[in-house]
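The values are calculated or read from the model by the stated rules, or taken from the named source; none is laboratory data. In this text the structure is predicted, and so the values were computed from the model without any measurement. All Cβ positions, glycine included, derive from the backbone under ideal geometry; neighbour counts span all protein chains shown. Heavy atoms of the whole protein, side chains included, go into the accessibility calculation; ligands, DNA and RNA do not. Shrake-Rupley method; radii C 1.70, N 1.55, O 1.52, S 1.80 Å.
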Amino acid sequence: MAIEVVKVELKSVMDASGLAEHIEKGTFKADEVVAVIGKTEGNGGVNDFTRILSDQAFRAVLRKLGKRSEAEIKKIPMVWSGGCDGVITPHATIFARTPKTGSGGKPRLVMGTALSPQIMPEDIGRPAMVEKVAAGVRLAMKDAGIDDPKDVHYVQTKTPLLTIDSIQDAHARGQDVACEVHDSMGVSNGTTGLGVAVALGEIAMPKAEDICRNLDLYSSVASCSSGVELDCAQIVLLGNKANAGGRYKIGHSVMKDALDIDGIYDSIRNAGLDLPERARASDLNGKLVNCFMKCEADKSARLRGRRQIMLDDSDVHHHRHSKGAVGGVAAAAIGDPAVFVSVDAMHQGPHGGGPVIAIVDVGE
C-alpha cells in the first residue's frame, strides 16, 4: 500500500472542505486516510481549543464519507499544532494508504502509527515517560515495516501535558509532578524528544538529571507537540522503504539556528530533490509537498552574535516570536506560507535550532 500525501488550507477553524474535496475527486478514499498533521489558528497554549475543533471537523468528514465506525475513526492519529504566528497559514497535511504502485523497487514513503502505554501525570519530565515513548516509537517502526532506524526521517508525536485536574489526581494517589501546568508543554515535548532519540539509537537512555537540562542530547527527526486531548503518546512515524510504491520520499536535516535557511534546503535534498548550491523557492518546481520543523528561542539570547530580546518580552511570549520568525524564513525558502512550524523544541534538534523534515514528489 503506497502513501498518498496532500496539503490543504484550513479556511476556518472547523473547515475540513479540503479533505472532502480530495475524497470526492478520488485522490484517495475516506477509509484510506491514516493520519493528519496540521496547524490551527489558536494561541498554541494549554487552552488552545482550536486543535479540538479541527480534529472534530476532520473526523466528521471521514464518518460522513467513509464506512469506518466511529471507534475506528477515533483511533486515527491527528496531530494538531496550535498557533499560526506571523505569516503561517492554517493547513493540514493528509496521509492516506492507497493501492497505487509504481516505484520500480526504489525507496518510497512509508508510515507507521502507534500509541504508547498510558503516560501518567507523574511520568511527565521523568525517565518513565522516556521509556514509554521509546516503546511506542518501536511499535510505530514495526507498523511501518522499517527495520533500520536510519530509514526513519520523521517522528511526529502528540503527548499529554499537565492540567490542574491531572496534578490533583497525581497528588490524590500520593504522587508528585515534575513541573507546573504552564511549563508542562515544553517539558512533555522535551521528554518525548528524548524517547524518540532513545528508540532510534541516537542517544543512550538519559539520566533523570539530563531531562530538560542537558540540551546536547536530542533527536534529529522528532517533532513533538502536546495537549489536553489525550493521555498517551500518539505517534506518527515516517521513513523510506524499498518497493513501498507511490511517488513520495521523505528526508531530514536540522536548522542550526532560526536563520538557517540552508538547513531547510538540505532536508529537501535529503528527500531526493536535486537543488543548486544556492537554492531558492522557484527551484522546487512544485515538487515539495510540505516541510515540518521545530524551533526554539536560544537561551543565550544571541543569534549570529547579535543580541535578542524575545526572552525579555513580557507582552509576547518567546514561543510566538520564534515561531513567527522561523515561519517567515521557511515560507520564503519554499515559497508557501502553509508550512508546519512548531515551538518547544527542547531535545528536538540542536539548541536554538531544530529538525527540518521534507516530503517531496519524486514521481515522473
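Go through the range 18-27 residue by residue and turn each phi into a ³J(HN,Hα) via Karplus (6.51, -1.76, 1.60, θ = phi - 60°); whole Hz please, and just put x for glycine and proline.
Those phi angles translate into x, 4, 4, 4, 5, 5, 5, 8, x, 4 Hz.
For ARG306 and ARG278, FRET efficiency with R0 = 30 Å and r from the beta-carbon atoms, rounded to 0.05?
Taking R0 as 30 Å, the efficiency between ARG278 and ARG306 is 0.85.
With a 1.4 Å probe and every protein chain kept in, tell me what percent of the accessible surface of the chain is carbon plus sulfur. Kindly include the intermediate steps, with their values, before the conclusion.
Values: 7430 of 15210 Å².
About 49 percent, which is the carbon plus sulfur part of the accessible surface.
Rounded to the nearest 500, what is the chain's calculated 222 nm mean residue ellipticity when only DSSP H runs of at least 4 contribute -39500 (n - 2.57) each, over all residues?
The helix-only estimate for the chain comes to -8500 deg cm²/dmol at 222 nm.
Run the numbers on the chain and let me know its relative contact order in percent, using alpha-carbon pairs under 8 Å that are six or more apart.
Taking the mean separation of contacting Cα pairs over the length of the chain, I get 22 percent.
Whole Å is fine, so just give me how far the alpha carbon centre of the range 62-119 lies from that of the range 123-146.
Using only Cα atoms, the two centres lie 18 Å from each other.
Considering only protein heavy atoms, with the full assembly of protein chains and a 1.4 angstrom probe, order GLU41, GLU4 by accessible area, largest first.
The residues order as GLU41, GLU4, largest area first.
Kindly sort GLU122, GLU180 by accessible area of their heavy atoms, largest first, with the probe set to 1.4 Å.
The ranking, largest first, comes out as GLU180, GLU122.
Sort 44-55, 274-285, 203-214 by the packing proxy (mean of other Cβ within 10 Å over each peptide's residues), most packed first.
Sorting 44-55, 274-285, 203-214 by mean packing, highest first, produces 44-55, 203-214, 274-285.
Remind me, relative contact order of the range 14-156 in percent, using alpha carbon pairs under 8 angstrom and six or more residues apart? Spell out each step's value before the answer.
Values: 163 pairs, mean separation 36.3, N = 143.
Worked out over the range 14-156, it gives 25 percent.
Using +1 at the C-beta of Lys and Arg and -1 at the C-beta of Asp and Glu, which of ALA281, VAL341, HIS318 has the Cα lying farthest in the positive direction of the dipole of the range 276-364?
HIS318
In this model, which of LYS7/LYS132; LYS100/LYS142; LYS29/LYS132; LYS39/LYS75; LYS100/LYS132 are farther than 25 Å apart at the alpha-carbon?
Working: LYS7/LYS132 31 Å; LYS100/LYS142 22 Å; LYS29/LYS132 33 Å; LYS39/LYS75 20 Å; LYS100/LYS132 34 Å.
Result: LYS7/LYS132; LYS29/LYS132; LYS100/LYS132 exceed 25 Å.
Would you look at the GNM of the chain, springs on alpha carbons closer than 10 Å, and say which of HIS321, HIS347, HIS252 moves the most?
Comparing HIS321, HIS347, HIS252 in a Gaussian network model of the chain, the most mobile one is HIS321.
Enter the accessible area per residue of the chain (Å², integer; probe 1.4 Å; all protein chains in place).
Value returned for the chain: 42 Å² of accessible area per residue.
Return the sequence-ordered ³J(HN,Hα) values of the range 312-328 in whole Hz as given by the Karplus equation 6.51 cos²θ - 1.76 cosθ + 1.60 applied to θ = phi - 60°, using x for Gly and Pro.
Along the range 312-328, the couplings run 9, 6, 8, 8, 10, 4, 4, 4, 6, 4, 5, 5, x, 5, 5, x, x Hz.
With the contact rule set at Cα under 8 Å and sequence spacing of 6 or more, what percent relative contact order holds for the range 60-140?
21
Give the long-range amide H neighbours of ILE119: residues separated by 5 or more places, or on another chain, with amide H under 5 Å away, using H modelled in the peptide plane at 1.01 Å from N.
Here CYS232, ALA233 satisfy the definition.
In the calculated pair distance distribution of the range 190-346, what percentage of Cα-Cα distances lie above 18 Å?
65
Lys pairs in the range 200-334, Cα-Cα under 21 Å, at least 8 apart or on separate chains: how many?
Total qualifying Lys-Lys pairs in the range 200-334 comes to 9.
How would you rank 18-25, 192-199, highest first, on the average number of other Cβ atoms within 10 Å across their residues?
Per-residue mean Cβ counts within 10 Å order the peptides as 192-199, 18-25.
For volume of the Cα convex hull per residue in Å³, pick the label among [x] 168; [y] 140; [z] 130 that corresponds to the value derived from the coordinates.
From the options [x] 168; [y] 140; [z] 130, the structure gives [z].
Output the peptides 110-121, 61-72 sorted from most to least packed, where packing is the average of other Cβ atoms within 10 Å over each peptide's residues. List each step's numbers first, then the result.
Numbers: 110-121: 21.0, 61-72: 13.7.
Packing order, densest peptide first, comes out as 110-121, 61-72.
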